[in-house]
Amino acid sequence: MTPSKKHTHSPVIGQAEAHATFQQMVQHQIRQAIRATFIDILEDEVAAFIGAQPYERTDERRDHRAGHRSRTLGTTAGVIEDLPVPRTRGGFRT
């Protein structure tokens, strides 16, 4: 008895699809890492600008936080959407 041929995807096509999926996953993880890094940097900058950490009461305080605004940032790794940029009452600019 001869084995019958079944209609299946070529291993090369399956590998190409898996490679593309893997690249998309890596790009997503890179964008998430960049987003987390930017959030940390922005929070550190605004804390230095204000002179106090969130909810900290000090005599050196120069301003007060006023929430965040959402921004979209284009990078070589792709577009990072919904990046929270801190705001202050006095007008913090990064």
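Looking across the stretch 52-94 at every residue that is β-branched (V, I, T) and over 23 Å from I30 (Cβ atoms), the one that is surrounded by the most Cβ atoms within 10 Å (Cβ to Cβ) is identified as T88. Filter the stretch 61-94 down to the residues that are closer than 14 Å to E45 by Cα and hydroxyl-bearing (S, T, Y) and list them by number. Listed by number, the residues that qualify are T88, T94. The residues on offer are Q53, Q15, and the sole one that is assigned to a helix (DSSP H, G or I) and either in contact with a Lys or Arg (Cβ under 6 Å, 6 or more places away or on another chain) or at pLDDT below 95 (or both) is Q15. Scanning the stretch 14-31 for residues that are under 18 Å from V79 (Cα atoms) and charged (D, E, K, R) yields a count of 1. Only residues in the stretch 66-94 that are on the phi > 0 side of the Ramachandran plot and charged (D, E, K, R) count as the first member; pair them with residues that are surrounded by 10 or more Cβ atoms within 10 Å (Cβ to Cβ) and in a strand (DSSP E or B), Cβ under 9 angstrom, at least 6 apart or cross-chain, and list the lot. Every condition considered, the pairs that remain are D82/R71.
The values are calculated or read from the model by the stated rules, or taken from the named source; none is laboratory data. Predicted, not measured: the structure shown is a model, and the values here were computed from it. Counting neighbours? That spans all protein chains shown, and the Cβs are built from the backbone with ideal geometry, glycine included.
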